[in-house]
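First the structure, in the form of structure tokens, and then the observations on it.
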Amino acid sequence: MAGAGGMLTLPALLWAGLPPITALATNKVQSTLGTLSSAWNFFRKGHLELRPLLPSFVTALLGACLGTWTALSVGNELLALLLPVLLIAIGLYFLLAPKMTDENRQSRLSPAQFACTAAPLMGFYGGFFGPGMGSIFPFLLVWLLGYGLRKATAQTKAMVLSVNGVSAVIFIVGGHVNWSLAIAMSLAQVVGARLGSNLVISRGSALVQPVIVAVTLLVAFKLLVLP
């Protein structure tokens, strides 16, 4: 619904004691299946147009491959130090991000320019880390391409699906996934994603923005205050 599910699931996996790389890998697999359910729901109800962003899909996939390989190269010890800092930074972003609406607006970049700049950077971020990507992408689509929030949210589902999918495949090949957790979480993700995407379609930005803020506040509070 709000695209910030990784801000809950990744910290939960880390708090449960999984090594950072295993937590990232497991989170990618379950997130991919959940996003697939949500993206299909947007597509079959006519809210998803893939053709205008095809170049961005390609560059985002390349960025995701590079980001995932970077995470594997960094290793667990450095990731253990980096992940809490990244989560706090993403939390601050959501607290300060401007309000978005369902109205289309003037674009700042052409689709080709977006594909050469924002898309590969977000792909790298999604491959290396990921939480919050599903909420940062809509903001970029609104701010840079002039999309309304409902359209941006639908397009984001397909973009996140591709980024998380290629990252998950790399992690799977490397044998880093905790499959018992990934399968159980994936089943819950599919159900939750379907319910959440239906709420976005019916309620739009009036519901999405407050949920993003609420999730951010809860996660930031846990990271900053609670042991």
Protection proxy ranking of 142-151, 27-36, 9-18 - average other beta-carbon atoms within 10 Å, highest first: 27-36, 142-151, 9-18
Label-to-label distance, nm, for residues given as Leu121 and Ala184 (7 Å Cα→Cβ offset): 3.9 nm
Sequence ranges 60-69, 152-161, 181-190, ranked by mean other-Cβ count within 10 angstrom, highest first: 152-161, 60-69, 181-190
Label-to-label distance, nm, for residues given as Ala112 and Ile172 (7 Å Cα→Cβ offset): 3.6 nm
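A short reminder: the numbers here are calculations on the coordinates, not readings from a lab. Since the structure is predicted, the reported quantities are computational estimates derived from the model, not experimental observations. Methodologically, a virtual Cβ is constructed for each residue, glycine included, from the backbone with ideal geometry; neighbour enumeration extends over all protein chains shown.
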